[in-house]
Amino acid sequence: MVQNPAEVAHGFMFIGTLFNVCLYGVTITQCYLYWVTSQRDPPWIKRFVVVLFLADTANSVLDGMALYGSLVQHFGDLKFLGTCNWLYSSDPATTALIAFLVQCFYAWRVKALTHNIFFASVIIVCAVVGLAAGLVTAVLSSTTIVLFAEFDKLRIPVIVWLTSNVVGDVLITSILVFYLAKYRNGIVVTNDLINGIIKVTVQTGMVTAICATINLITYLAVPTGLYLMFNYTLAKLYANSMLSTLNARVVWQSKRTDTPIQFSEARSADIMSRKSVVPKANLNPAPTRGRPEVFVHVEQHVEEHEMRGWSDQNTEKTRTEENDSDHHEDTDSEKPGKVV
(Lines give C-alpha, C1' and ligand atoms only; values in the text may rest on other atoms or scores of the structure.)
Protein backbone atom coordinates (compact mmCIF):
# COMPACT_ATOMS: atom_id res chain seq x y z
CA MET A 1 0.00 0.00 0.00
CA VAL A 2 1.42 3.37 -1.08
CA GLN A 3 1.40 5.90 1.73
CA ASN A 4 0.17 9.43 1.27
CA PRO A 5 3.24 11.71 0.81
CA ALA A 6 1.53 14.31 2.99
CA GLU A 7 1.49 11.80 5.83
CA VAL A 8 5.02 10.52 5.22
CA ALA A 9 6.80 13.89 5.08
CA HIS A 10 4.53 16.91 5.53
CA GLY A 11 2.91 15.66 8.71
CA PHE A 12 6.28 15.66 10.51
CA MET A 13 7.15 18.98 8.86
CA PHE A 14 3.94 20.42 10.24
CA ILE A 15 4.74 19.24 13.78
CA GLY A 16 8.31 20.50 13.47
CA THR A 17 7.06 23.87 12.24
CA LEU A 18 4.77 24.16 15.28
CA PHE A 19 7.76 23.66 17.57
CA ASN A 20 9.74 26.06 15.41
CA VAL A 21 7.17 28.84 15.74
CA CYS A 22 6.79 28.31 19.50
CA LEU A 23 10.54 28.53 20.00
CA TYR A 24 10.62 31.61 17.75
CA GLY A 25 8.49 33.33 20.37
CA VAL A 26 11.13 32.40 22.93
CA THR A 27 13.78 33.87 20.61
CA ILE A 28 11.90 37.18 20.46
CA THR A 29 11.68 37.27 24.25
CA GLN A 30 15.38 36.47 24.61
CA CYS A 31 16.31 39.24 22.16
CA TYR A 32 14.14 41.74 24.04
CA LEU A 33 15.74 40.83 27.37
CA TYR A 34 19.17 41.13 25.80
CA TRP A 35 18.56 44.62 24.41
CA VAL A 36 17.21 46.04 27.68
CA THR A 37 19.91 44.57 29.91
CA SER A 38 23.12 44.46 27.83
CA GLN A 39 23.83 48.03 26.75
CA ARG A 40 27.42 47.66 27.93
CA ASP A 41 28.26 44.93 25.41
CA PRO A 42 30.64 45.77 22.55
CA PRO A 43 28.91 46.89 19.32
CA TRP A 44 30.01 43.78 17.43
CA ILE A 45 28.12 41.50 19.82
CA LYS A 46 24.96 43.58 19.37
CA ARG A 47 25.31 43.36 15.58
CA PHE A 48 25.92 39.63 15.90
CA VAL A 49 22.65 39.22 17.83
CA VAL A 50 20.81 41.20 15.13
CA VAL A 51 22.22 38.96 12.37
CA LEU A 52 21.30 35.85 14.34
CA PHE A 53 17.76 37.11 14.92
CA LEU A 54 17.31 37.92 11.21
CA ALA A 55 18.55 34.47 10.20
CA ASP A 56 16.22 32.84 12.72
CA THR A 57 13.31 34.93 11.44
CA ALA A 58 14.05 33.94 7.84
CA ASN A 59 14.08 30.28 8.91
CA SER A 60 10.57 30.50 10.41
CA VAL A 61 9.15 32.51 7.49
CA LEU A 62 10.49 30.14 4.84
CA ASP A 63 9.26 27.06 6.71
CA GLY A 64 5.80 28.59 6.96
CA MET A 65 5.76 29.49 3.27
CA ALA A 66 6.77 25.94 2.31
CA LEU A 67 3.95 24.38 4.32
CA TYR A 68 1.40 26.89 3.06
CA GLY A 69 2.30 26.10 -0.54
CA SER A 70 1.94 22.36 -0.04
CA LEU A 71 -1.03 22.11 2.31
CA VAL A 72 -3.09 25.08 1.07
CA GLN A 73 -2.17 26.18 -2.45
CA HIS A 74 -1.53 22.62 -3.72
CA PHE A 75 -3.95 20.78 -1.48
CA GLY A 76 -4.61 17.29 -2.88
CA ASP A 77 -1.81 17.54 -5.47
CA LEU A 78 0.05 14.30 -4.71
CA LYS A 79 2.77 14.97 -7.27
CA PHE A 80 3.59 18.35 -5.73
CA LEU A 81 3.49 16.90 -2.22
CA GLY A 82 6.13 14.32 -3.12
CA THR A 83 8.52 16.91 -4.58
CA CYS A 84 11.00 19.11 -2.73
CA ASN A 85 11.37 22.71 -3.89
CA TRP A 86 13.66 25.54 -2.89
CA LEU A 87 11.46 26.54 0.04
CA TYR A 88 11.96 23.17 1.71
CA SER A 89 15.65 23.24 0.84
CA SER A 90 16.00 26.59 2.63
CA ASP A 91 15.54 24.89 6.01
CA PRO A 92 18.84 22.93 6.03
CA ALA A 93 20.59 26.00 4.62
CA THR A 94 19.32 28.43 7.29
CA THR A 95 19.75 25.84 10.06
CA ALA A 96 23.37 25.24 9.04
CA LEU A 97 23.96 29.02 8.90
CA ILE A 98 22.54 29.59 12.40
CA ALA A 99 24.57 26.69 13.83
CA PHE A 100 27.68 28.14 12.16
CA LEU A 101 27.12 31.59 13.70
CA VAL A 102 26.50 30.21 17.18
CA GLN A 103 29.50 27.87 17.15
CA CYS A 104 31.77 30.66 15.93
CA PHE A 105 30.60 32.82 18.83
CA TYR A 106 31.35 30.01 21.27
CA ALA A 107 34.75 29.55 19.64
CA TRP A 108 35.50 33.18 20.47
CA ARG A 109 34.39 32.55 24.05
CA VAL A 110 36.66 29.52 24.29
CA LYS A 111 39.58 31.59 22.98
CA ALA A 112 38.85 34.37 25.49
CA LEU A 113 38.65 31.92 28.40
CA THR A 114 41.44 29.48 27.62
CA HIS A 115 43.74 31.65 25.43
CA ASN A 116 44.17 28.50 23.38
CA ILE A 117 44.00 29.12 19.64
CA PHE A 118 44.05 25.40 18.85
CA PHE A 119 40.76 24.67 20.66
CA ALA A 120 39.06 27.64 19.04
CA SER A 121 40.38 26.63 15.60
CA VAL A 122 39.04 23.08 15.94
CA ILE A 123 35.59 24.43 16.83
CA ILE A 124 35.64 26.81 13.87
CA VAL A 125 36.65 23.96 11.54
CA CYS A 126 33.66 21.94 12.75
CA ALA A 127 31.41 24.96 12.21
CA VAL A 128 32.70 25.55 8.68
CA VAL A 129 32.37 21.87 7.72
CA GLY A 130 28.83 21.80 9.10
CA LEU A 131 27.89 24.93 7.16
CA ALA A 132 29.35 23.60 3.90
CA ALA A 133 27.64 20.20 4.27
CA GLY A 134 24.32 21.86 5.14
CA LEU A 135 24.48 24.06 2.04
CA VAL A 136 25.36 21.04 -0.11
CA THR A 137 22.34 19.21 1.32
CA ALA A 138 20.10 22.18 0.50
CA VAL A 139 21.39 22.49 -3.08
CA LEU A 140 21.17 18.76 -3.86
CA SER A 141 17.65 18.43 -2.39
CA SER A 142 16.29 21.12 -4.71
CA THR A 143 18.25 20.36 -7.90
CA THR A 144 19.34 16.71 -8.10
CA ILE A 145 17.33 14.67 -5.58
CA VAL A 146 13.96 16.42 -5.56
CA LEU A 147 11.71 13.58 -4.37
CA PHE A 148 11.16 13.13 -0.64
CA ALA A 149 11.16 9.37 -1.17
CA GLU A 150 14.78 9.56 -2.41
CA PHE A 151 16.20 11.64 0.42
CA ASP A 152 18.13 8.62 1.70
CA LYS A 153 20.56 9.31 -1.15
CA LEU A 154 21.70 12.41 0.71
CA ARG A 155 23.28 10.33 3.44
CA ILE A 156 26.85 11.55 3.00
CA PRO A 157 26.25 15.34 3.22
CA VAL A 158 23.63 14.92 5.97
CA ILE A 159 25.93 12.72 8.06
CA VAL A 160 28.82 15.17 7.65
CA TRP A 161 26.58 18.14 8.45
CA LEU A 162 24.99 16.81 11.63
CA THR A 163 28.09 14.99 12.86
CA SER A 164 30.15 18.18 12.57
CA ASN A 165 27.54 20.07 14.58
CA VAL A 166 27.47 17.41 17.29
CA VAL A 167 31.27 17.26 17.56
CA GLY A 168 31.48 21.05 17.75
CA ASP A 169 28.80 21.24 20.47
CA VAL A 170 30.45 18.54 22.57
CA LEU A 171 33.86 20.21 22.26
CA ILE A 172 32.46 23.60 23.25
CA THR A 173 30.67 22.20 26.29
CA SER A 174 33.58 20.04 27.44
CA ILE A 175 36.21 22.77 27.12
CA LEU A 176 34.13 25.44 28.84
CA VAL A 177 33.14 23.14 31.71
CA PHE A 178 36.73 21.94 32.23
CA TYR A 179 38.22 25.42 32.36
CA LEU A 180 35.41 26.95 34.42
CA ALA A 181 35.82 24.20 37.02
CA LYS A 182 39.44 25.28 37.50
CA TYR A 183 38.26 28.63 38.87
CA ARG A 184 36.58 27.06 41.89
CA ASN A 185 38.07 28.08 45.23
CA GLY A 186 37.16 28.00 48.90
CA ILE A 187 34.70 30.91 48.66
CA VAL A 188 31.11 29.66 48.69
CA VAL A 189 29.71 32.60 46.69
CA THR A 190 32.31 32.15 43.95
CA ASN A 191 31.75 28.41 43.76
CA ASP A 192 27.99 28.85 43.53
CA LEU A 193 28.44 31.38 40.73
CA ILE A 194 30.78 29.11 38.77
CA ASN A 195 28.48 26.12 39.29
CA GLY A 196 25.60 28.16 37.89
CA ILE A 197 27.63 29.09 34.81
CA ILE A 198 28.64 25.45 34.30
CA LYS A 199 25.03 24.34 34.62
CA VAL A 200 23.86 26.79 31.95
CA THR A 201 26.76 25.82 29.69
CA VAL A 202 25.93 22.12 29.90
CA GLN A 203 22.20 22.67 29.41
CA THR A 204 22.54 24.95 26.39
CA GLY A 205 25.40 23.05 24.77
CA MET A 206 24.12 19.52 25.16
CA VAL A 207 20.52 20.22 24.15
CA THR A 208 21.64 21.09 20.61
CA ALA A 209 24.01 18.11 20.49
CA ILE A 210 21.24 15.75 21.62
CA CYS A 211 18.73 17.15 19.13
CA ALA A 212 21.23 16.92 16.25
CA THR A 213 22.08 13.34 17.27
CA ILE A 214 18.41 12.31 17.35
CA ASN A 215 17.93 14.02 14.00
CA LEU A 216 20.76 11.98 12.48
CA ILE A 217 19.66 8.67 14.03
CA THR A 218 16.06 9.04 12.87
CA TYR A 219 17.24 10.02 9.39
CA LEU A 220 19.36 6.88 9.11
CA ALA A 221 17.06 4.42 10.90
CA VAL A 222 13.46 5.50 10.19
CA PRO A 223 12.21 5.28 6.58
CA THR A 224 9.62 8.05 7.04
CA GLY A 225 10.20 11.78 7.49
CA LEU A 226 10.32 11.61 11.29
CA TYR A 227 13.73 13.29 11.25
CA LEU A 228 12.15 16.44 9.80
CA MET A 229 10.41 17.12 13.11
CA PHE A 230 13.78 17.44 14.84
CA ASN A 231 15.43 19.19 11.92
CA TYR A 232 12.85 21.97 11.93
CA THR A 233 13.50 22.52 15.64
CA LEU A 234 17.30 22.55 15.55
CA ALA A 235 17.74 26.12 14.31
CA LYS A 236 15.72 27.59 17.18
CA LEU A 237 17.61 25.54 19.76
CA TYR A 238 20.91 26.94 18.52
CA ALA A 239 19.68 30.55 18.55
CA ASN A 240 18.14 30.28 22.00
CA SER A 241 21.17 28.50 23.46
CA MET A 242 23.38 31.48 22.64
CA LEU A 243 20.87 34.14 23.67
CA SER A 244 20.16 32.40 26.96
CA THR A 245 23.86 32.37 27.87
CA LEU A 246 24.09 36.10 27.14
CA ASN A 247 21.02 36.87 29.24
CA ALA A 248 22.19 34.59 32.06
CA ARG A 249 24.92 37.12 32.85
CA VAL A 250 22.29 39.39 34.39
CA VAL A 251 21.16 36.59 36.69
CA TRP A 252 24.77 35.87 37.70
CA GLN A 253 25.27 39.55 38.49
CA SER A 254 22.13 39.60 40.62
CA LYS A 255 23.36 36.56 42.55
CA ARG A 256 26.67 38.29 43.08
CA THR A 257 24.83 41.11 44.84
CA ASP A 258 22.29 38.81 46.54
CA THR A 259 19.44 40.81 45.03
CA PRO A 260 17.21 39.71 42.12
CA ILE A 261 17.15 42.02 39.13
CA GLN A 262 13.74 42.88 37.69
CA PHE A 263 13.57 42.80 33.90
CA SER A 264 12.04 46.19 33.18
CA GLU A 265 12.84 48.39 30.22
CA ALA A 266 12.53 51.62 32.20
CA ARG A 267 14.50 50.19 35.14
CA SER A 268 17.23 48.76 32.90
CA ALA A 269 17.55 51.97 30.91
CA ASP A 270 17.77 53.98 34.14
CA ILE A 271 20.44 51.68 35.57
CA MET A 272 22.53 51.66 32.40
CA SER A 273 22.25 55.45 32.02
CA ARG A 274 23.98 55.82 35.40
CA LYS A 275 26.89 53.51 34.66
CA SER A 276 29.31 56.45 34.50
CA VAL A 277 28.76 57.36 38.15
CA VAL A 278 30.69 54.36 39.51
CA PRO A 279 33.90 55.71 41.10
CA LYS A 280 37.10 54.12 39.94
CA ALA A 281 38.19 53.46 43.51
CA ASN A 282 35.02 51.45 44.19
CA LEU A 283 35.17 48.99 41.29
CA ASN A 284 35.52 46.09 43.76
CA PRO A 285 33.58 47.12 46.87
CA ALA A 286 33.17 44.87 49.85
CA PRO A 287 30.22 42.43 49.56
CA THR A 288 27.02 43.93 50.93
CA ARG A 289 23.50 42.66 51.27
CA GLY A 290 20.23 44.35 50.60
CA ARG A 291 20.95 46.45 47.51
CA PRO A 292 22.70 45.90 44.17
CA GLU A 293 26.09 47.53 43.86
CA VAL A 294 24.90 49.96 41.22
CA PHE A 295 22.44 51.55 43.64
CA VAL A 296 25.10 51.83 46.34
CA HIS A 297 27.34 53.69 43.93
CA VAL A 298 24.50 55.93 42.80
CA GLU A 299 23.67 56.83 46.40
CA GLN A 300 27.33 57.58 47.05
CA HIS A 301 27.40 59.79 43.98
CA VAL A 302 24.26 61.61 45.08
CA GLU A 303 25.70 62.12 48.55
CA GLU A 304 28.91 63.49 47.08
CA HIS A 305 26.91 65.77 44.82
CA GLU A 306 24.83 67.00 47.73
CA MET A 307 27.95 67.54 49.87
CA ARG A 308 29.55 69.52 47.05
CA GLY A 309 26.41 71.58 46.69
CA TRP A 310 26.25 72.19 50.46
CA SER A 311 29.91 73.14 50.50
CA ASP A 312 29.46 75.48 47.53
CA GLN A 313 26.49 77.12 49.24
CA ASN A 314 28.49 77.62 52.44
CA THR A 315 31.40 79.03 50.49
CA GLU A 316 29.11 81.40 48.65
CA LYS A 317 27.47 82.38 51.94
CA THR A 318 30.86 83.05 53.53
CA ARG A 319 31.93 85.15 50.56
CA THR A 320 28.70 87.16 50.82
CA GLU A 321 29.24 87.77 54.54
CA GLU A 322 32.81 88.88 53.88
CA ASN A 323 31.66 91.28 51.17
CA ASP A 324 28.98 92.67 53.48
CA SER A 325 31.58 93.09 56.22
CA ASP A 326 33.94 94.93 53.86
CA HIS A 327 31.07 97.11 52.73
CA HIS A 328 30.20 98.03 56.33
CA GLU A 329 33.83 98.84 57.09
CA ASP A 330 34.04 101.12 54.05
CA THR A 331 30.85 102.87 55.13
CA ASP A 332 32.11 103.36 58.67
CA SER A 333 35.38 104.78 57.37
CA GLU A 334 33.52 107.54 55.56
CA LYS A 335 31.81 108.76 58.76
CA PRO A 336 33.06 112.16 60.13
CA GLY A 337 35.50 111.99 62.97
CA LYS A 338 36.57 108.50 62.14
CA VAL A 339 40.33 108.06 62.07
CA VAL A 340 41.40 105.71 59.31
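The values are calculated or read from the model by the stated rules, or taken from the named source; none is laboratory data. Only a predicted model underlies this, so the values are computations on that prediction, with no experimental measurement involved. Glycine gets a Cβ as well: all are built from the backbone with ideal geometry, and neighbour counts include every protein chain shown.
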Some residue of the stretch 204-220 being out of contact with any strand residue (DSSP E or B) (no Cβ under 6 Å at 6 or more places or on another chain), of a type in the set (Ser, Thr, Tyr) and under 19 Å from ASP56 (Cβ atoms): yes
Within the stretch 205-225, which residues are over 18 Å from ASN165 (Cα atoms) and modelled with pLDDT under 90? VAL222, PRO223, THR224, GLY225
Based on what the data block shows, is THR137 in contact (Cβ under 8 Å) with a residue 40 or more places away in the chain, among the polar types (S, T, N, Q) and in contact with a Pro (Cβ under 6 Å, 6 or more places away or on another chain)? yes
Looking at the stretch 146-199, which of its residues are within 24 Å of TYR238 (Cα to Cα), in contact (Cβ under 8 Å) with a residue 40 or more places away in the chain and exposed (fewer than 13 other Cβ atoms within 10 Å of the Cβ)? ARG155
For the stretch 1-33, give me each residue that is of a type in the set (S, T, N, Q) and either at pLDDT 95 or above or farther than 21 Å from GLY76 by Cβ (or both). ASN20, THR27, THR29, GLN30
Just checking, how many residues over the stretch 166-221 are in contact with a Cys (Cβ under 7 Å, 6 or more places away or on another chain) and not aliphatic (A, V, I, L, M)? 1
Inspect the stretch 64-79 for any residue being assigned by TED's automatic domain parsing to the domain that holds VAL122, of a type in the set (Phe, Trp, Tyr) and in contact (Cβ under 8 Å) with a residue 12 or more places away in the chain and give the result as yes or no. no
Only one of SER164, SER174 is of a type in the set (S, T, N, Q) and within 20 Å of the chain's Cα centre (by Cα), namely SER174
Filter the stretch 194-217 down to the residues that are among the hydrophobic types (A, V, I, L, M, F, W, C) and farther than 21 Å from MET229 by Cβ and list them by number. ILE194, ILE197, ILE198, VAL200, VAL202
Take the stretch 7-46 and flag every residue that is of a type in the set (Gly, Ala, Ser) and surrounded by 14 or more Cβ atoms within 10 Å (Cβ to Cβ). ALA9, GLY11, GLY16, SER38
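Could you check, for the stretch 132-151, whether at least one of its residues is outside any helix (DSSP H, G or I), under 30 Å from GLY82 (Cα atoms) and touching a helix residue (DSSP H, G or I) at 6+ places or on another chain (Cβ under 8 Å)?
yes
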Look through ILE28, ILE15 and report the one residue that is more than 25 Å from TRP108 (Cα to Cα) and out of contact with any Gly (no Cβ under 8 Å at 6 or more places or on another chain). ILE15
